[in-house]
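Presented below is the structure to which this report refers.
Taken together, the values in this text are just the output of simple stated rules run on the coordinates, not laboratory data. All values derive from a computational prediction rather than experimental measurement. Methodologically, a virtual Cβ is constructed for each residue, glycine included, from the backbone with ideal geometry; neighbour enumeration extends over all protein chains shown.
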Amino acid sequence: MLLHIIRVIFILLEVLILFNLLIVVHELGHFLAARWRGLYIEKFGVWFGKPLWKKTINGVQYSLGSLPFGGFVALPQLAPMDIIEGKADIDRAKLPKISALDKIIVAIAGPLFSLLLALCFAAIVWAVGHPVSEADSTTVIGYVAPDSPAQKAGLQPGDKILSVDGKPVRRFMGMNDSVSWDVVRSEGDKIAVKFQRDGAVQTVWVEPYKAETRGWRRKSVRQLLIYPAETPIIDKVEPNTPAAAAGLRSGDIIRGFNQTPIYNPIALLEYISKHPNDALVLHVERAGARFDVPVKPTLLPTAGEMKPRIGIQWDTTGIVSIQHPNPIEQVYNSVTSTLKTIGAVASPKSDVKLQHLSGPVGIGRIYYLLFQSERGWQLA
């Protein structure tokens, strides 16, 4: 418990440091541009609140605040900082006027430095590598929910999706060229899904599903209720369970059961829940060798209930590959993701609205979840 608390505190500190770095570098851009153009700089501070340290150097007051929420640069010739840092020490009316070019240069310097920081991060990812899950590298369907729009349209596990709503897709999840995103931002009553099955290319029209929402909850967005193909890898085998008795081990891959291939662990879980008394023959892969393992489910404690299970826990990370996207590609993907999101929000026919976007708290939560992963620093 203590180690978990320490880990959470450490992750929160990582998130806080990252947020502060983004803001301070942005403000540093404004600061350096203002010095270059000869503007009067009153203050440059890291963090807000009562100063823990401050010193005036060459007419500029540098400070370290007590509230770790970014930083600021006070440029009276551009914008007053009275609300944040109190009344200015100099009469703005006595300061010389600055040209429109000066204002433009100082204004764009902040975003420019943010872009340069992004390129630095992208260069690190390019050199070190970026972990990519199966969901981010495949368009193969792993599971189709029963009675879902996708199932009614004829989509099946193992189908490889080629395009959604007329747009080619390269992966299942994500914001660019992905199945999930193109479904969300589609606008028609039905969505054209082109896929490949057994070498043949087919197209079906699927009516998207939208879950009902009530009260303060965000309105749901379109879904097809399909899941990506993810290799079913055993993470842990619980002791004194049918899986342990059958000799299953951590790292074993379940390729199928009862002569039926599976592309996602959900398929096996669903079968066991619907056929709790049926014996299974699992098709297992271990160290390249394949063999069959008979096993019969039994009632096991699960989240306070007794449910039919065989006693295995799945590796939720699946097979992870390391890719090295170049910095330009990474920045391009980020920019296009932003533009596509803005376009979806602006469209009156789209389900994507402002309520689906995240502010600082939501973004912080995402970074927190990323840093929880062993490779989270690479993902971020």
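Count charges around residue 277 for me, please; just the other residues with Cβ under 14 Å from its Cβ, Lys/Arg as +1, Asp/Glu as -1.
+3
Once you list every other residue whose beta carbon is under 11 Å from the beta carbon of residue 145, what net charge do they have if Lys and Arg are +1 and Asp and Glu are -1?
-1
For residue 107 and residue 189, compute 0.36 nm times the residue count separating them, minus their Cα-Cα distance, and round to one decimal in nm.
Between residue 107 and residue 189, full extension yields an extra 25.1 nm.
Among 44, 291, 69, 121, which comes first, then next, by fewest other beta-carbon atoms within 10 Å?
Neighbour counts put them in this order, fewest first: 291, 69, 121, 44.
Hey, got a sec? Which GluC sites (Glu not before Pro) in the range 200-305 land in a DSSP loop and have at most 11 other Cβ atoms within 10 Å?
Here the GluC sites (Glu not before Pro) that fit, given the DSSP loop and packing criteria, are 212.
Given the peptides 255-266, 101-112, arrange them by the average over their residues of other C-beta atoms within 10 Å, most packed first.
255-266, 101-112
Could you work out how far apart the two model spin labels at residue 291 and residue 54 are, taking each label as a point 7 Å from the Cα in the direction of the beta carbon, and quote it in nm?
7.4
How would you classify the range 2-128 from its alpha-carbon gyration tensor, with a ≥ b ≥ c the square roots of the eigenvalues: rounded for a/c under 1.5, else prolate if a/b is greater than b/c, otherwise oblate?
oblate
For the range 234-314, what is the Kirkwood hydrodynamic radius in Å, using each pair of distinct C-alpha atoms?
12.7
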